[in-house]
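Since the structure comes first, as structure tokens, the remarks are kept for the end.
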Amino acid sequence: MNKSKLKVSDNDIVVPGELLAQGMNYLPSHGTYRLKENILSSKLGLVRIDGKVIKLIPLSGKYLPKKGDVIIGKIKDINFSGWRVETNSAYVAMLSMKDASSDYIPKGADLTKYFEVGDFILTKITNVTSQNLIDLSMKGPGLKKLNSGRIVIIDPTKVPRIIGKRGSMVSMIKNSTKCNIIVGQNGVIWIKGEPEDEYIASEAIKIIEKESHVSGLTNRINEFIKSEKVK
Amino acid sequence: MNKELKKHIEKYLNSNTRYDNRKLTEFRKVSIEPDCIKTAEGSCRVKIGKTDVLVGVKFELGKPYPDKLDQGTITVNTELLPMSSPDFEPGPPGIDAIEIARVVDRGIRESGALDMKKLCVKKGELVWIVAIDICTLNHAGNILDAAGLAAIIALKTARYPSRKGENVDYKSLTKTKLSIKKTPIPITVLKIGKHFIVDPLVEEEKVLDSRLTITTTKDKKICSLQKAGDEPLSLEDIEKMIDLALEKSEEIRKIMKK
């Protein structure tokens, strides 16, 4: 029991299956799992050790739906009872009629009046079943259909970098490009503004996605936007 | 068709710019990598921006068609691989894949680029069948132009495999190349609203009103046309599109020479 031993240190990069710790004194958290006495990593990422808890911050990966996340989805199909939504994850999401609008939707109504195939919506995950089926809702502050604007899709693991500390990064881009930007937790980003500004904003986001691990990011993005604006 | 997306793209076109900050009639960076597959007799990989298309050429011995006993033939096949876009599904070629194959085939056949008579081994009995296989590695719009360009360059690099009677040894290639007389280059011009654009992005392809693919040779002869989209084209439109395609094909030819 006392033989517990850490095999990695904080901020190490590990690959799936790598041994992180031996013994029962450590606890596996996000991106790690226990196999008998050992804790192994299940993803490629950076190790974070918080006391006894070993956590992994993934470097890349698909979006895993989580209850309460606000995401941007695309309408894929219309059924009798609602809409099927593509969420940039591996699982199917459904927006049922009762959650779609605060208005009453009469029986036999033309559902395309509300959302059409190809529309983007800002929506909230209300439930994820054990089979990973996703239930969505449009009832909540700010949840709406996203009219026009362009969509940029990034790696969902970079979403916290795009938002920045307390939204500092995204509000900096918003202010300097005068664009409306909404970041979905699933890595789908919606931008609306003047064409040139939209282009600068989308390029800035792509730079953040690519260089999120290099320090001094906010300053570099600021400079990038300034130099693009001069052109 | 998504009306919101169309409205948004038209807003861009009205201010004379595109999603990636290009002019309406500007191509993305075209890069050509000829003879990149060793196991094929001829090959070429063409990238237009992030669009990536690979073409391989294989030779096969077979019987000629009964009406063209002294001529060989070509077959073009397109594979839109699911890895290149979420919109592509595995399975037999769909309507889009067939269209690309047919347009590329028509460009090469009708321009007379390939001398079919030289593919004849023994009249009425044995001819070469040249198979051109197009694979998409990444779809970021304008696959057709990339495929057509890659196909003709792949044909130019192709060498006959050595042959004894009816047995072909694919492992040793001869030095004889195919005789390519002309270089047909397809250019796709899109019409969205009142604007004409070349080298479309995926988003722009989704909202097109009409599309015309014009294959031209170096001496400015049109050898194939392919119209798609719901809206009709007037005679003036077509003339404008052809002028644009000729201008753009000249640019591509300059890149090819390098």
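The values are calculated or read from the model by the stated rules, or taken from the named source; none is laboratory data. Predicted model, so just to flag it, every value in this text is computed and none were measured. In this analysis, Cβ positions are derived from the backbone assuming ideal geometry, glycine residues included, and neighbour counts consider all displayed protein chains.
Could you grab me the full set of residues in segment B:217-258 that are assigned to a loop (DSSP other than H, G, I, E, B) and more than 19 Å from the chain's Cα centre (by Cα)? Walk me through how you get there before you give the answer.
Residues of segment B:217-258 assigned to a loop (DSSP other than H, G, I, E, B): B:217-221, B:229-234, B:258.
B:230, B:231, B:232, B:233, B:234, B:258, listed by residue number.
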Go through segment B:125-181 and tell me which strands (runs of 3 or more DSSP E), entirely inside it, have 2 or more residues that are β-branched (Val, Ile, Thr). B:126-138, B:167-177
Restricting attention to segment B:37-48, and to residues there that are surrounded by 15 or more Cβ atoms within 10 Å (Cβ to Cβ) and out of contact with any Cys (no Cβ under 6 Å at 6 or more places or on another chain), which single residue is farthest from the other protein chains (Cβ to nearest Cβ)? B:41
Would you tally the residues in segment A:159-188 being in contact with a Lys or Arg (Cβ under 9 Å, 6 or more places away or on another chain) and under 11 Å from residue A:205 (Cβ atoms)? 5
Strands (runs of 3 or more DSSP E) contained entirely in segment A:36-118, each with at least 3 residues that are of a type outside the set (A, V, I, L, M, F, W, C): A:45-50, A:70-78, A:82-86
I'd like to know if segment B:11-30 contains one or more residues that are more than 13 Å from chain A (Cβ to nearest Cβ) and in contact with a Cys (Cβ under 9 Å, 6 or more places away or on another chain). no
Residues being in contact (Cβ under 8 Å) with a residue 12 or more places away in the chain and exposed (fewer than 10 other Cβ atoms within 10 Å of the Cβ): count how many of those fall in segment B:159-182. 1
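Table: residues versus (1) at pLDDT 90 or above; (2) of a type in the set (Asp, Glu); (3) farther than 18 Å from residue A:189 by Cα.
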residue: A:113; (1), (2), (3): no, no, yes
residue: A:116; (1), (2), (3): no, yes, yes
residue: A:120; (1), (2), (3): yes, no, no
residue: A:134; (1), (2), (3): yes, no, yes
residue: A:140; (1), (2), (3): no, no, yes
residue: A:149; (1), (2), (3): no, no, no
residue: A:153; (1), (2), (3): yes, no, no
Search result, residues across segment A:149-168 that are surrounded by 17 or more Cβ atoms within 10 Å (Cβ to Cβ) and over 15 Å from the mean Cα position of the chain (by Cα): A:149, A:150
Would a scan of segment B:67-83 turn up a residue that is exposed (fewer than 14 other Cβ atoms within 10 Å of the Cβ) and without any contact (Cβ under 8 Å) to a residue 12 or more places away in the chain? yes
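Filtering segment A:70-81 down to residues that are in contact with a strand residue (DSSP E or B) (Cβ under 7 Å, 6 or more places away or on another chain) and of a type outside the set (A, V, I, L, M, F, W, C), which residue is surrounded by the most Cβ atoms within 10 Å (Cβ to Cβ)? Lay out the reasoning, then the answer.
Restricting attention to segment A:70-81, the residues satisfying the condition of being in contact with a strand residue (DSSP E or B) (Cβ under 7 Å, 6 or more places away or on another chain) are A:70-77, A:81.
Right, trim to of a type outside the set (A, V, I, L, M, F, W, C) and you get A:73-74, A:76-77, A:81.
Values: A:73: 27, A:74: 19, A:76: 14, A:77: 12, A:81: 11.
By that ranking, first place goes to A:73.
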Can you name the residue in segment A:181-219 that is farther than 21 Å from residue B:20 by Cβ and over 19 Å from the mean Cα position of the chain (by Cα) and is also farthest from the other protein chains (Cβ to nearest Cβ) among such residues? A:215
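Check segment A:142-154 and report whether any residue there is β-branched (Val, Ile, Thr) and either closer than 19 Å to residue A:68 by Cα or away from every other protein chain (no Cβ under 14 Å) (or both). Don't jump to the end; show me each part of the working.
Here is the first cut: in segment A:142-154, the residues β-branched (Val, Ile, Thr) are A:151-154.
Now narrow it down to the ones that are either closer than 19 Å to residue A:68 by Cα or away from every other protein chain (no Cβ under 14 Å) (or both): A:154.
Yes: one or more hits.
Look through segment B:196-228, keep the residues that are without any contact (Cβ under 8 Å) to a residue 40 or more places away in the chain and of a type in the set (Lys, Arg), and return whichever of them is farthest from residue B:31 (Cα to Cα). If you could, list the steps in order and put the result at the bottom.
Step one: of segment B:196-228, the residues without any contact (Cβ under 8 Å) to a residue 40 or more places away in the chain are B:208-212, B:214, B:216, B:218-220, B:222, B:225, B:227.
Imposing the further condition that a residue be of a type in the set (Lys, Arg) reduces the set to B:211, B:218, B:220, B:227.
On the way: B:211: 24, B:218: 20, B:220: 23, B:227: 27 Å.
Residue satisfying both the conditions and the ranking: B:227.
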Is at least one residue of segment A:61-69 surrounded by fewer than 20 Cβ atoms within 10 Å (Cβ to Cβ), within 14 Å of another protein chain (Cβ to nearest Cβ) and in contact (Cβ under 8 Å) with a residue 60 or more places away in the chain? yes
Here are some residues: A:109, A:93. Which one is away from chain B (no Cβ under 14 Å), surrounded by 20 or more Cβ atoms within 10 Å (Cβ to Cβ) and not β-branched (Val, Ile, Thr)? A:93
Taking into account only those residues within segment A:210-231 that are buried (at least 18 other Cβ atoms within 10 Å of the Cβ) and either more than 30 Å from residue A:86 (Cβ to Cβ) or of a type in the set (D, E, K, R) (or both), which is modelled with the highest pLDDT? A:225
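Does residue B:95 satisfy being modelled with pLDDT of 90 or more and surrounded by 14 or more Cβ atoms within 10 Å (Cβ to Cβ)?
no
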